[in-house]
Amino acid sequence: MRSRESAICLRTTDYSETSQVVHFLTRQTGVVRLLAKGTKRPKSKSGGALDLLSEGDLLFSVKDADTLGTLMEFSETVSHTALRRDAQRLNASLYMLELAHEMLAEGDPHPSVFDLLHRALERLEQDDAPIPAVLAYFQWRLLRHVGLLGGLDACVACGASVREMSHRAGVYFTSRQGGLLCDGCQAGEQEKFRLDPATLGALATLAAAETGRRVSLPEPAARSVNRLLGYHVSQQLGKRLKMTRYALGEL
Ligand SMILES: [Zn+2]
């Protein structure tokens, strides 16, 4: 199958002296793994080796998800130079690429994740971007989209609503069940992450943002949500993403 699509470069590895294997998130086909022949030659058609974060029009052919496809043509439309110039923006955007790559299976289309990533990268590039908040919203939406996060407005064990829970006693998040546990139910679960009231408030803010409301997430709250969601990702994957430490700090 040959197709031309908007695509974002998620990952590159060297294949030979002159060629790369490049993983793209395409809008219609999802993640594809392509052999890019000759891209590392100085005079290649793509204008040199392909870089992470490059966005553009991709012409490629793939047989099935198990076989390496072929990159036929890539013309970059967005190079994200502003992201590459600033360590904090770069770390956040590379974390987003890594997370998208880990969460999506090859050849499984997710146009809304493509759009989410496209918009998050665009926002991160702006001078006034609230970097931790952009990252928090991206993680939240992606994890919701792939079904790893519930509504987070009630205890997954007894159904008590967040409002009914005693915040002083403690509210917990459990990755295994992808939801909240109240103080009465948390004792039965070994794997859990204690939430402070600010983090709980931030989760409610993200839920409101998801319904299209304009919200703002203060930086400390965004950082604590990022650590929580980073913890959830690590638990789900059984490993920590390479960019976790740089983008989220110590969990
Ligand atoms: Zn409960």
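Within the set Gln177, Gln186, the sole residue that is more than 22 Å from the chain's Cα centre (by Cα) and either within 13 Å of the ligand (Cβ to nearest atom) or among the basic types (Lys, Arg) (or both) turns out to be Gln186.
Between Leu229, Leu217, which is under 9 Å from Ala136 (Cβ atoms) and not in a helix (DSSP H, G or I)?
Exactly one residue qualifies, and that residue is Leu217.
Residue check: Gly159 meets all listed conditions (1) part of a strand (DSSP E or B); (2) at positive phi but one, namely (1).
Selection over region 91-141 of residues that are more than 18 Å from Gln236 (Cβ to Cβ) and of a type in the set (A, V, I, L, M, F, W, C) gives a count of 12. Scanning region 4-19 for residues that are in contact with a strand residue (DSSP E or B) (Cβ under 7 Å, 6 or more places away or on another chain) and either modelled with pLDDT of 95 or more or farther than 14 Å from Glu73 by Cα (or both) gives Arg4, Glu5, Ser6, Ala7, Ile8, Cys9, Leu10, Arg11, Thr12, Thr13, Asp14, Tyr15.
Between Leu116, Leu149, the distinction of being within 20 Å of His23 (Cβ to Cβ), buried (at least 18 other Cβ atoms within 10 Å of the Cβ) and either in contact with a helix residue (DSSP H, G or I) (Cβ under 7 Å, 6 or more places away or on another chain) or among the acidic types (Asp, Glu) (or both) belongs to Leu116 only.
Looking only at residues in region 163-174 that are within 27 Å of the chain's Cα centre (by Cα) and of a type outside the set (A, V, I, L, M), the one that is farthest from the ligand (Cβ to nearest atom) is Phe173. For the residues Ala136, Ala129, Ala120, the requirement of being part of a loop (DSSP other than H, G, I, E, B), away from the ligand (no atom under 16 Å from the Cβ) and within 30 Å of Leu58 (Cα to Cα) singles out Ala129. Restricting Gly201, Gly150 to residues that are small (Gly, Ala, Ser), within 16 Å of the ligand (Cβ to nearest atom) and over 20 Å from Ala120 (Cβ atoms) narrows the list to Gly150.
A quick yes/no check of all residues on (1) touching a Lys or Arg at 6+ places or on another chain (Cβ under 6 Å); (2) closer than 25 Å to Pro218 by Cβ:
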{"residue": "Leu104", "(1), (2)": "no, no"}
{"residue": "Pro111", "(1), (2)": "yes, no"}
{"residue": "Glu125", "(1), (2)": "no, yes"}
{"residue": "Gly151", "(1), (2)": "no, yes"}
{"residue": "Arg168", "(1), (2)": "no, yes"}
{"residue": "Arg176", "(1), (2)": "no, no"}
{"residue": "Asp183", "(1), (2)": "no, no"}
{"residue": "Gly188", "(1), (2)": "no, no"}
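Every residue, every condition in (1) under 18 Å from Arg11 (Cα atoms); (2) of a type outside the set (Gly, Ala, Ser), yes or no:
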position: Arg89; (1), (2): yes, yes
position: Glu98; (1), (2): yes, yes
position: Pro109; (1), (2): yes, yes
position: Val113; (1), (2): yes, yes
position: Leu135; (1), (2): no, yes
position: Gly147; (1), (2): no, no
position: Ala157; (1), (2): no, no
position: Ser175; (1), (2): no, no
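The values are calculated or read from the model by the stated rules, or taken from the named source; none is laboratory data. The structure presented is a predicted model; accordingly, all values stated were derived computationally and were not measured. Positions of Cβ are backbone-derived with ideal geometry, glycine not excepted, and every protein chain shown enters the neighbour counts.
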